[in-house]
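Asker: Have a look at this one before I ask anything.
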Amino acid sequence: MKKILTTVFASLIALPVLSLSLQAQAADPFTVAKVSVDARAESAIQAQSQAVQSGYIIAARELLNRLTLESERTARGLPPLTVSVVGPLIRGQTIDNERRSNTRYVGDLSISFNPAAVQRLLREANLTMVTSQARERLAIPVGVTANSGLATDLLSGRFEHSLTPIKSLTAADITSLYGNEPSLAETQKLATRYGVNQVLIIRESTGGQITATDLSIDTGASARLSASGGMAGLVSRMEAAWKETSAVTSENAQTTTVSVLFESMEEWQRLQGAINNSAQVRDARLDALSKDGALMTISYGSLERLAAEMAQKGVRVLKDPNLGLVIRR
């Protein structure tokens, strides 16, 4: 296989690329950040234990809602979430802003979950797991101060791990924009400074109603969004739309063999990770591996969407008359 892959490598360079762009690695979608916990008990230790355990359940529910399709959750429901079920899924945790008394414990809990364990749980529940993230957006709030509820939500970093990851302006930049919606040129400068190609220009009205302009800097495309429930409601709506258009179920998947080309084992691991974590790839099996290429069998949905998604990760999807579908950096 190595000889075949090496022989055709040069010819692949001239083949048309279905889609190509680069995107910085977004924050881990298996992390749920800044879960506020608050519990009272007969002792400080009991209060802390109760608070942390409740945080486990809240975080696990948020994660499973993030990674699954609403249509499937409605039809099949989520797996029962108890401490005994959630505990083995957790790979790490941090606690910020701790406050305690003799009978009360308060804190902000951030939990990282084990992807393989979560996948097993969802597979047993017959739920499709979506882990692929859209490209990162820069949130530009207008008409708020850095200590407003909206700005505080953004600055906490809790939305960086979503499937539609949100990056926040600094507190100083939020303050400088107060009351002034940036011009297109100013928006482009902010996007360049923060290293993104997508921005959300956000306004919040009374009652937590959010309106936003979702602007693509590189293509010029824009869309109007609105949601209730503050920033969390807006992100939830964006995630739902992303999953419904990008996820692959058993009903719409097609299976084929792909050749994966690489120049080092490190590059192979990155490519394999991009394939395994693609929303367009339902199943991936490694059939053969050499020093500069691999054969895999994948089940995927739309080839156009697969190519566009992989391009955001710096990966090319090409068609070769001899090898068929080819994936490479």
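Asker: Could you list, in sequence order, the residues of segment 285-305 that are open to solvent by 40 Å² or more (accessible area, probe 1.4 Å) and over 14 Å from Ser246 (Cα atoms)?
Answerer: Arg285, Leu286, Asp287, Leu289, Lys291, Leu295
Asker: Answer yes or no as to whether Glu239 is open to solvent by less than 40 Å² (accessible area, probe 1.4 Å), in contact with a helix residue (DSSP H, G or I) (Cβ under 9 Å, 6 or more places away or on another chain), at pLDDT 85 or above and among the acidic types (Asp, Glu). Even if it seems obvious, please write down each step before you answer.
Answerer: Working: open to solvent by less than 40 Å² (accessible area, probe 1.4 Å): yes; in contact with a helix residue (DSSP H, G or I) (Cβ under 9 Å, 6 or more places away or on another chain): yes; at pLDDT 85 or above: yes; among the acidic types (Asp, Glu): yes.
So Glu239 fits the description; yes.
Asker: Is it the case, given these coordinates, that Val248 is modelled with pLDDT under 90 and open to solvent by less than 30 Å² (accessible area, probe 1.4 Å)?
Answerer: Numbers: modelled with pLDDT under 90: yes; open to solvent by less than 30 Å² (accessible area, probe 1.4 Å): yes.
Here the answer is yes, as Val248 does meet what is asked.
Asker: Does Lys167 count as under 23 Å from Ser112 (Cβ atoms) and part of a strand (DSSP E or B)?
Answerer: So Lys167 passes the test.
Asker: Among the residues of segment 29-60, write down those that are under 23 Å from Leu155 (Cα atoms) and surrounded by fewer than 16 Cβ atoms within 10 Å (Cβ to Cβ).
Answerer: Matches in segment 29-60: Ser36, Asp38.
Asker: OK, next. Just the residues that are surrounded by 18 or more Cβ atoms within 10 Å (Cβ to Cβ) and either modelled with pLDDT under 90 or in a loop (DSSP other than H, G, I, E, B) (or both), please, taken from segment 306-329.
Answerer: Residues satisfying the conditions are Leu306, Ala307, Glu309, Met310, Ala311, Gln312, Lys313, Val315, Leu323.
Asker: Can we say Ser183 is hydroxyl-bearing (Ser, Thr, Tyr), open to solvent by 20 Å² or more (accessible area, probe 1.4 Å) and within 17 Å of Gln133 (Cα to Cα)? Steps first, please.
Answerer: Working: hydroxyl-bearing (Ser, Thr, Tyr): yes; open to solvent by 20 Å² or more (accessible area, probe 1.4 Å): yes; within 17 Å of Gln133 (Cα to Cα): no.
Spelling it out, it is not the case that Ser183 is hydroxyl-bearing (Ser, Thr, Tyr), open to solvent by 20 Å² or more (accessible area, probe 1.4 Å) and within 17 Å of Gln133 (Cα to Cα).
Asker: Of all strands (runs of 3 or more DSSP E) completely enclosed by segment 47-164, which ones contain at least 3 residues that are β-branched (Val, Ile, Thr) and more than 21 Å from Gly229 (Cβ to Cβ)?
Answerer: Once the strands (runs of 3 or more DSSP E) in segment 47-164 are filtered for at least 3 residues that are β-branched (Val, Ile, Thr) and more than 21 Å from Gly229 (Cβ to Cβ), what remains is 90-100.
Asker: Within segment 195-236, which residues are open to solvent by 60 Å² or more (accessible area, probe 1.4 Å), assigned to a strand (DSSP E or B) and charged (D, E, K, R)?
Answerer: Arg203, Glu204, Arg224
Asker: So, Thr175, is that one surrounded by 14 or more Cβ atoms within 10 Å (Cβ to Cβ) and touching a residue at least 60 places away in the same chain (Cβ under 8 Å) or not?
Answerer: It is false that Thr175 is surrounded by 14 or more Cβ atoms within 10 Å (Cβ to Cβ) and touching a residue at least 60 places away in the same chain (Cβ under 8 Å).
Asker: All but one of (1) in contact with a helix residue (DSSP H, G or I) (Cβ under 8 Å, 6 or more places away or on another chain); (2) surrounded by fewer than 20 Cβ atoms within 10 Å (Cβ to Cβ); (3) acidic (Asp, Glu) hold for Glu266; which doesn't?
Answerer: (1)
The values are calculated or read from the model by the stated rules, or taken from the named source; none is laboratory data. Since we're looking at a predicted model, the values are computed, not measured. When we count neighbours, we look across all protein chains shown, and the Cβ atoms used for this are built from the backbone with ideal geometry, even at glycine. The accessibility values were calculated without ligands, DNA or RNA, using every heavy atom of the protein model including side chains. Shrake-Rupley method; radii C 1.70, N 1.55, O 1.52, S 1.80 Å.
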